[in-house]
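The values are calculated or read from the model by the stated rules, or taken from the named source; none is laboratory data. Not measured: the values here are computed from a predicted model. Note that we place each Cβ from the backbone using ideal geometry, even for glycine, and neighbour counts take in every protein chain shown. Surface areas here come from the heavy atoms of the whole protein model, side chains and all, with no ligands, DNA or RNA. Shrake-Rupley method; radii C 1.70, N 1.55, O 1.52, S 1.80 Å.
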Amino acid sequence: MKILTTPNDSNTITGFMLLGFPCSREGQILQFVLFSVVYLLTLIGNGSIICGVHWDRRLHTPMYFLLSNFSFLEIWYVTSTVPNMLVNFLSETKIISFSGCFLQFYFFFSLGSTECFFLAVMAFDRSLAICWPLHYPTIMTGLLCKNLVVNCWVFGFLWFLIPIIIISQMSFCGSRIIDHFLCDRGPLLALTCKRSPVMELVFSTLNFLPLVILFFFIMGSYALVLSNVLKFPSAAGRRKAFSTCGSHLAVVSLFYGSVLVMYGTPTSEHEDRMQKIVTLF
């Protein structure tokens, strides 16, 4: 990676500057306390799910095995960005090193891709359980479930590996200020000395494939679930099926809704502030 400076640049800066959410010193401290509490609750909540599934043998089923792995993923997903954001709240310089920036970039996108795969696998599991309950135990075996989990992690972390290696070798010049609280694709590409349409096309394509294809797979799975649930003779059976899938659908809606706002709409100076809020959400 080549960093080219201009006369206006500070030679003392040895990385990128993440602006985060600019405000007064008191406001920064308030944000630190607020996001620290939310981060701690996130760790406790997901950690409790993992421990509960591990300790209760009645929960040693594919659905809860996937859920515990999803909770483990969520812990690392927020950890890839939030601790550095908390440090920046109290920092005067708000500097992140070049290697730290690209590591955060890689893990943020890789864990996001892994989440896409996990949501699709969880939808597949629910559609099997509800639409083909008699065949479910023979299809969704422990071995298949473990293989699906491993593939989610492997494909998620391989998906953006080559593009991130390429962008880390590009030349950066001019301002090193990133108007965000994390090293995201758009702000980093905007700081390159020469815009690369090919690189932007590669990132757009890699964003498109797991998001859109897996989203349609999830929607197709739940369309099958809905058509079968409506055929249940008892209201209690329908409520049980909907309660099983409702929380997962809520996560899908929040995740894909946020991502589409972040990467599926054109950006402007005003929308940059909105994207920071959506990314945080």
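Helix 62-79 sits at what angle to the longest principal axis of the chain, using alpha carbons and giving 0 to 90 degrees rounded to 10? For 62-79 against the chain, the angle is about 10 degrees. Restriction of the chymotrypsin sites (Phe, Trp or Tyr not before Pro) in region 43-110 to DSSP coil positions whose beta-carbon has at most 14 other beta-carbons within 10 angstrom yields no sites. Once both axes come from the Cα atoms, what is the angle between helix 98-131 and the longest principal axis of the chain, in degrees from 0 to 90, rounded to 10? Roughly 10 degrees between the two axes. Unpaired Cys in the chain, meaning no second Cys C-beta under 4.7 Å: C23, C51, C116, C131, C145, C152, C245.
Using only Cα atoms, find the angle between the long axis of helix 269-280 and the longest principal axis of the chain, and express it within 0 to 90 degrees, rounded to the nearest 10. Roughly 50 degrees between the two axes. Dividing the summed helix terms, -39500 (n - 2.57) for each DSSP H run of n ≥ 4, by the number of residues in the chain produces a 222 nm estimate of -23500 deg cm²/dmol to the nearest 500. Projecting each Cα onto the charge dipole of the chain (Lys/Arg +1, Asp/Glu -1 at the beta carbon, about the Cα centre), which of M17, S258, F242 comes out farthest on the positive side? Farthest towards the positive end: F242. Taken one residue at a time, the phi angles of region 203-214 give Karplus couplings (6.51, -1.76, 1.60, θ = phi - 60°) of 5, 4, 5, 5, 5, 5, 4, x, 5, 6, 4, 5 Hz. Gly and Pro are set to x.
Within the accessible surface of the chain, defined with a 1.4 Å probe on protein heavy atoms only, the carbon and sulfur portion equals 71 percent. Computed from point charges on the beta carbon alone (+1 for Lys and Arg, -1 for Asp and Glu), the dipole magnitude for the chain about its Cα centre is near 700 Debye. Note: relative contact order over the chain, using C-alpha pairs below 8 Å and six or more positions apart, is 26 percent. In the elastic network of the chain, a GNM with C-alpha springs shorter than 10 Å, the most mobile of Q28, Q104, Q169 is Q169.
For K194, the lysines whose Cα comes closer than 28 Å to its Cα, not counting residues fewer than 8 places off in the same chain, are K2, K94, K276. Take the alpha carbon gyration tensor of the chain, find the square roots of its eigenvalues, order them as a ≥ b ≥ c, and report rounded if a/c is under 1.5; if not, report prolate when a/b exceeds b/c, else oblate. It is prolate, given that a/c is not under 1.5 and a/b is the larger ratio.
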